[in-house]
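Q: Quick one: structure below, then a few questions.
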Amino acid sequence: MSSSSSKPSSKPSKPVAQSQSSPQPKPSSLSSHIALVELKSRILASVLKLSDRDTYQIAIDDLEKVIGSLPSDGFSVLLSCLLIDPASPAGDSAAAVSGRNVARRESVRLLALLCSAQPDAGASHLPKIIAHIIRRLKDPLSDSSVRDACRDAFGSLATLYLRSHANEAYNGGGGGGGSSTAASLAGLFVKPLLEVLGEQNKTVQVGAAASLAKVVECGGVGGGAVAFQKLCPRICRMLAGQSILAKGALLSVISSLAQVRMIDLLLRWSAFKVVEIIGVGKLRNFRS
């Protein structure tokens, strides 16, 4: 008699397949991204207002608040916005030129303020920041306020990076390696400024000389003077040459070298070579 009971299936039952959806971004990561997008929109809106005399003070106040409360991941966002050329009224009218210079002046000042607020983040972007300030110095349309802002920014950056690094190497007994690193870091400032001094424009040369003097003055304090050992002979040769149109302004660099206690080098070069190569009469003319 055949059995009517059903035989159990020999195949094992398959587990219910779980849906394999793509991983969703973490809520914290998504909110951080949205916050950065909103921050960039806010910064760009303020940057656009810098060239308008009716709104530039509001824009400055807002950008300074942003810098004061900026998260670490917002540094590159703010930096990229400050490095763009601020919009200005079209044309070459006095109002357009003035608005453009105000925007550029404040952008340079805010760059230095940003690095002061977040020096570690600024260190990795230092070549880019210096290159931007150099472009402002080389622009013949920049007025005295822009050149003064470039000078002050160079002084702030030199204090922040050159002086602090030199003091650490000096106090820590870094030896020759510390001196070599200090000289290499100083080259980031000195080399592009010396190149600007080669521009055949007296106003541009004046701005570059003032900035170079500020770098020496602010960055050469303490153990930082060693980074500028080769600068004095270079400046003396430039004074003796014919390519420098703003030789009076260039003497301020020698004055700054004296202020950072490089007197022995100055005695060997400035007191003898400058007078010997240039002549007393020409030296007096430079000062005038």
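None of the figures in this text is laboratory data; all of them are computed from the coordinates on show. Computed from a predicted model, the values in this text were never measured in an experiment. Don't worry about glycine lacking a Cβ; one is built from the backbone with ideal geometry, like all the others, and counts go over all protein chains shown.
Q: Let me check I've understood the local charge: for L113, count other residues with C-beta under 11 angstrom from its C-beta, Lys and Arg +1, Asp and Glu -1. What total comes out?
A: Details: positive: R109; negative: E64, E106, D152.
Counting the neighbours of L113, the net charge comes to -2.
Q: While we're looking at this one, here's another question. Could you sort out which of K138/K202; K49/K138; K191/K230; K40/K128 sit more than 21 Å apart by Cα distance in this structure?
A: Values: K138/K202 11 Å; K49/K138 24 Å; K191/K230 12 Å; K40/K128 19 Å.
The pairs that break the limit, which is 21 Å between Cα atoms, are K49/K138.
Q: Sort H33, H132 so that the residue with the fewest other Cβ atoms within 10 Å of its own Cβ comes first and the one with the most comes last. Spell out each step's value before the answer.
A: Numbers: H33 12, H132 21.
Least crowded to most crowded, the residues run H33, H132.
Q: Multiply the residue separation of L36 and R53 by 0.36 nm, subtract the distance between their alpha-carbon atoms, and state the gained length in nm to one decimal. Write out the running numbers ahead of the final one.
A: Details: separation 17, 0.36 × 17 = 6.12 nm, distance 2.79 nm.
Length gained, L36 through R53: 3.3 nm.
Q: How do the peptides 209-217, 181-189 rank, highest first, by the average count of neighbouring beta carbon atoms within 10 Å per residue? Could you put the intermediate results ahead of the total?
A: Working: 209-217: 26.2, 181-189: 19.0.
Top of the packing list down: 209-217, 181-189.
Q: Roughly speaking, what is the stretch gain from A240 to A45, that is 0.36 nm per residue apart minus the C-alpha to C-alpha distance, in nm to one decimal?
A: 65.3 nm
Q: Arranged by the count of other C-beta atoms within 10 angstrom, fewest first, what order do I34, I60, I67, I133 take? Write down the numbers at each step before the final one.
A: On the way: I34 10, I60 17, I67 20, I133 24.
Going from sparsest to densest Cβ surroundings: I34, I60, I67, I133.
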